[in-house]
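Have a look at the structure below, then the notes.
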Amino acid sequence: MEKTGLVEFRNVGCSYFPQSRVDLHYTLSSQHSWASSDWIGLFKVGWPSVKDYHTFVWALVPPNCQEGTDVNCCVNFQGTHALYLVVVV
């Protein structure tokens, strides 16, 4: 389990098969403030800059979100091509 700031990633694999669907489950702390620019990116291992992402998805506010509570979320990536590290920005 990896922690990055106010985000806790759950059950993140060490690697994924090329062209497989990757479902990424994570929990946002009750201290997190949503922004319309929140996104989750896939980066090649050893990435030097946040601008070097392979692909990303927007981290949308889930419909069951209540302010002041932890929120469980999931996003998915379709058909990635190599080993990647997941980072929320």
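Comparing Thr55, Cys65, His25 along the charge dipole axis of segment 7-88, the residue lying farthest to the positive side is Thr55, per the Cβ-charge model. Using θ = phi - 60° in the Karplus curve 6.51 cos²θ - 1.76 cosθ + 1.60, the 3J(HN,Hα) couplings for segment 70-77 round to 5, 10, 8, 9, 8, 10, 9, 10 Hz; x is entered for Gly and Pro. Just the protein heavy atoms count here, and of the accessible area of segment 7-88 at 1.4 Å, carbon and sulfur take up 52 percent. For segment 7-88, the per residue solvent-accessible surface stands at 65 Å², with DNA, RNA and ligands left out and a 1.4 Å probe. Charge dipole of segment 1-68 (Cα centre as origin; +1 on each Lys and Arg Cβ, -1 on each Asp and Glu Cβ, all else neutral): 200 debye, rounded to the nearest 20.
The phi-based Karplus calculation (6.51 cos²θ - 1.76 cosθ + 1.60; θ = phi - 60°) puts the 3J(HN,Hα) values of segment 52-57 at 9, 6, 7, 7, 8, 10 Hz, whole numbers, x for Gly and Pro.
The values are calculated or read from the model by the stated rules, or taken from the named source; none is laboratory data. Everything quoted here is computed from the prediction, not taken from an experiment. Glycine gets a Cβ as well: all are built from the backbone with ideal geometry, and neighbour counts include every protein chain shown. For accessibility, only protein heavy atoms count, side chains too; no ligands or nucleic acids. Shrake-Rupley method; radii C 1.70, N 1.55, O 1.52, S 1.80 Å.
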